[in-house]
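First the structure, in the form of structure tokens, and then the observations on it.
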Amino acid sequence: MGATAHAETVVLEHVTLIDGTGKAPQRDQSVLIVDGRIKQVGPAARVRAPNGATRQDLRGKYLMPGIIDSHVHLGLVDGIDQNYTEYYDRQNIEQQLKLYAAYGVTSVYTLGTDGDEIHNVIADQRRTGRIDMARAFTAGRGVVYKGSYGGVPGLDQQVSTPAETQAMVRREVAKGDDFVKLWMDDEFGDIAERMPYSISKAAIDTAHSVGKKAVAHIFYQENAAALVDQGVDGFMHQVRDGALNPALATKMKAGDVWQIASTLSREASFTYKLLPFVDDPFFSRGVAPATIAALKSPERQQRLASGPHFAKYPGVLAQAMANFGAMAKAGVKYGMGTDSGPTARFPGYFAHWELELMVKSGVTPLQALTAATGTNAKFLNARDIGTVEAGKWADLLVLDRDPTADIRNTRSINTVYVAGRKMPTIWQTCVGRAPDACGPAPK
């Protein structure tokens, strides 16, 4: 007789597995989950369902780890209206984390625009373990040089001296930051001064002294090269001011500096007066009708088109995509991150767009999926997530179609699991309307 399941036991059977390690898909696999954690993974013939287990036959389906977005911002917006002071609270943070999960994004790294409430959310998540939203990791308040680029209005995060920088990093890490963020940019020259290297060095060195990685927002190649020399651990945007110098890629690879996010979807979104997917049900189910109306507003479209830098954005996108492809080819470690969360950069949807743009830039679908799962988990040494392996949380995404054949098949979401429990998917979501107002999910 078989063993009896006393714990909450689920077996996902006969699925094609994409495990997040970079291995090719493995057919006819089963995954045994006990109390939200993966107990066993292997060929279906070898994984036995204990008596009393809930069994899910997934023949014809594809199972992968939940997506991890390595660059988001939480709690900043209502619709497309952005206001940290007005909207940043626990309710908004958790509502957005649930939306990420609906899109199969089961973990996010939030990048430097958080108030102290994020630490309460994360502490509760880690104490509970079995949660009903995406897991969060945070850089808390990122470091902004006074009067320069970065951060959000309403959040105190500016420094003027290395000593202030050191004190800020220590203070914020003591609150529970998982890593440290800094900004070095000048908004196409509109801002008089970028962060001085004395400030960035203080931020990076202090982060390392307290056992944390330091990541940077960059735009310019010269800044990226200097930050590599200072020991930065990763970049949260791609170099965008010109073609990648092979020497930078060589230096990044030698120094184990990761291109943890390239935010191609961010750059792509800036090229449009009207985002091309506003009527796509995969998008529109996740936003209220008022948000769609605001996006379609002629006044908004005119305002975007008349912006001083609007004509530059297509070239910036093309450069970012080319440089990402060159870095990947050169062997630089890369993850997947979107910079979603600020106005008109939408939680969850942008992760799928980012994967599509990564593939268009020259990596394979399997490489993009690995970046968005196992690689992103490794960067922060998040040992409980990122791959489908025994001991990990069962944060899983079940798809109806093969994402390694066509990366757009990540949108064919059948089921999302967080810690072994089914979450409402985007195809079961209809924000701001009656539950049945969005119609049936596609077949």
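The values are calculated or read from the model by the stated rules, or taken from the named source; none is laboratory data. Since the structure is predicted, the reported quantities are computational estimates derived from the model, not experimental observations. Cβ atoms come from the backbone with ideal geometry, glycine included; neighbour counts cover every protein chain shown. Heavy atoms of the whole protein, side chains included, go into the accessibility calculation; ligands, DNA and RNA do not. Shrake-Rupley method; radii C 1.70, N 1.55, O 1.52, S 1.80 Å.
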Item to complete: Within the stretch 348-369, track down each residue that is open to solvent by 20 Å² or more (accessible area, probe 1.4 Å) and farther than 15 Å from residue 267 by Cα.
Response: 359, 362, 364, 365, 366, 367
Discussion item. Which of the numbered conditions does residue 427 fail, given that it passes all the others? Conditions: (1) free of Cβ contacts under 8 Å to residues at least 12 places away in the same chain; (2) outside any loop (DSSP other than H, G, I, E, B).
Written reply: (1)
Practice prompt. Check whether at least one residue in the stretch 104-115 is of a type outside the set (A, V, I, L, M, F, W, C) and surrounded by fewer than 22 Cβ atoms within 10 Å (Cβ to Cβ), and report yes or no.
Written response: yes
Item to complete: Only residues that are assigned to a helix (DSSP H, G or I) and open to solvent by 20 Å² or more (accessible area, probe 1.4 Å): list them for the stretch 181-212, please.
Response: 197, 198, 201, 205, 208, 209
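One line per residue, one yes/no per condition, for (1) hydroxyl-bearing (Ser, Thr, Tyr); (2) at pLDDT 95 or above; (3) on the phi > 0 side of the Ramachandran plot:
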| position | (1), (2), (3) |
| --- | --- |
| 393 | no, yes, no |
| 405 | no, yes, no |
| 413 | no, yes, no |
| 419 | no, yes, yes |
| 442 | no, no, no |
Discussion item. Take residue 148 and tell me if it is surrounded by 18 or more Cβ atoms within 10 Å (Cβ to Cβ), under 18 Å from the mean Cα position of the chain (by Cα) and either part of a helix (DSSP H, G or I) or hydroxyl-bearing (Ser, Thr, Tyr) (or both).
Written reply: no
Worksheet item: Condition test on residue 215, is it assigned to a strand (DSSP E or B), closer than 25 Å to residue 338 by Cβ and aliphatic (A, V, I, L, M)?
Response: yes
Response to the item:
residue 169 meets each of (1) surrounded by 15 or more Cβ atoms within 10 Å (Cβ to Cβ); (2) under 23 Å from residue 336 (Cα atoms) with one exception, condition (2)
Fill in: Where residue 408 falls short, out of the listed (1) open to solvent by 30 Å² or more (accessible area, probe 1.4 Å); (2) part of a helix (DSSP H, G or I); (3) of a type outside the set (Asp, Glu); (4) in contact with a Pro (Cβ under 7 Å, 6 or more places away or on another chain)
(4)
Discussion item. Checking the structure you have, find out if any residue of the stretch 153-172 is in contact with a helix residue (DSSP H, G or I) (Cβ under 9 Å, 6 or more places away or on another chain), of a type in the set (Val, Ile, Thr), assigned to a helix (DSSP H, G or I) and under 13 Å from residue 73 (Cα atoms).
Written reply: no
Discussion item. What are the pairs with Cβ atoms under 6 angstrom where one residue, in the stretch 364-389, is under 17 Å from residue 354 (Cβ atoms) and polar (S, T, N, Q) and the other, located anywhere, is surrounded by fewer than 24 Cβ atoms within 10 Å (Cβ to Cβ) and at pLDDT 95 or above? Sequence gap at least six, or different chains.
Written reply: 370/22
Worksheet, complete the sentence: Note: among 204, 260, just one is touching a Phe, Trp or Tyr at 6+ places or on another chain (Cβ under 6 Å) and among the β-branched types (Val, Ile, Thr), namely 260
